[in-house]
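Notes to accompany the following structure.
The values are calculated or read from the model by the stated rules, or taken from the named source; none is laboratory data. Keep in mind it's a predicted model, so treat the numbers as computed, not measured. Every residue, glycine as well, gets a Cβ built from its backbone with ideal geometry; the counts of neighbours run over all protein chains shown. For accessibility, only protein heavy atoms count, side chains too; no ligands or nucleic acids. Shrake-Rupley method; radii C 1.70, N 1.55, O 1.52, S 1.80 Å.
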Amino acid sequence: MFVLTPSLNKSFKFQSEWPYNNSQSYLLETILQDIKNDKKRTFKETKNGYEFTTSATYSSNKELVKQTIKMDKKLNVQEVVVQNKDGISKIKMKFDKVDMKASFEKKYFDLNENMQMSFTQEEVKTVSKIDDIMYPMYIPENTKLTSQDTVSTDNGQRIILTFSGEKPFLMVEETALLNSAQTTVPVYGDPLFVGDSIGAMTDSSITWMSDGVEYYVVSDKLNREELLSVVNSVSAMPIGK
């Protein structure tokens, strides 16, 4: 799986089974696999078709635990609604048209072709200095910011925030570099939506990029849910210099 960042002339190749191990409301294969794998699934016939209720697996959001899948009489998926444990809908995906015979040109999946089509010089945004340091609004109990260091790099600037206490973690913010040649970077972890970008998540770290700055949060004491809480609070609000 590749995530493309044309503005930096860089692509990220994920070394992950994420598409096969997580529920995805927009992937037919994954939807059918969830129905097949859940031995406790429920099924009922409706006026317009059929309805399945199964468990859902979203590694980046443990709140999403079940889903309702609606199909028409021809077994075409019409709607997928993902819910939390209280039955509150959090994601709703509707399908207006299903084409099982759709064809795609080979170039649609060519890395170089997609990079060239997406890249324009006007989209490029690189910065040499971090004007607004981002801080997490959520910090685990009995943990606090104990140091803040600024380091000059070949690409510009790096900010290192150290949080110490019962749940210590490190947060790094660094100016990103526009590559003169197209570069593919191997990434070990699962893709993760962070604000307006896609990052990578492992059991102990999350990395992402936004507005010309690369962010990195790492800890051997925080679990995945705690890491997500920290990172999601970072993307919400900047604090001034």
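Listed values, structure above:
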{"quantity": "Tally of residues being touching a Lys or Arg at 6+ places or on another chain (Cβ under 9 Å) and open to solvent by 50 Å² or more (accessible area, probe 1.4 Å) across segment 38-69", "calculated": "8"}
{"quantity": "Restricting segment 72-109 to residues that are of a type in the set (A, V, I, L, M, F, W, C) and open to solvent by 100 Å² or more (accessible area, probe 1.4 Å), the residue that is nearest to GLY49 (Cα to Cα)", "calculated": "LEU75"}
{"quantity": "Scan of segment 38-48 for residues that are modelled with pLDDT of 95 or more and closer than 14 Å to ASN76 by Cβ, ordered by number", "calculated": "none"}
{"quantity": "Scope segment 201-241; condition modelled with pLDDT under 85 and open to solvent by less than 30 Å² (accessible area, probe 1.4 Å); matching residues", "calculated": "SER210, GLY212"}
{"quantity": "Segment 135-161 residues that are closer than 14 Å to THR175 by Cα, paired with ones that are open to solvent by 90 Å² or more (accessible area, probe 1.4 Å) and among the charged types (D, E, K, R) (beta carbon under 8 Å, 6 or more apart)", "calculated": "GLY156/LYS129; GLN157/LYS129"}
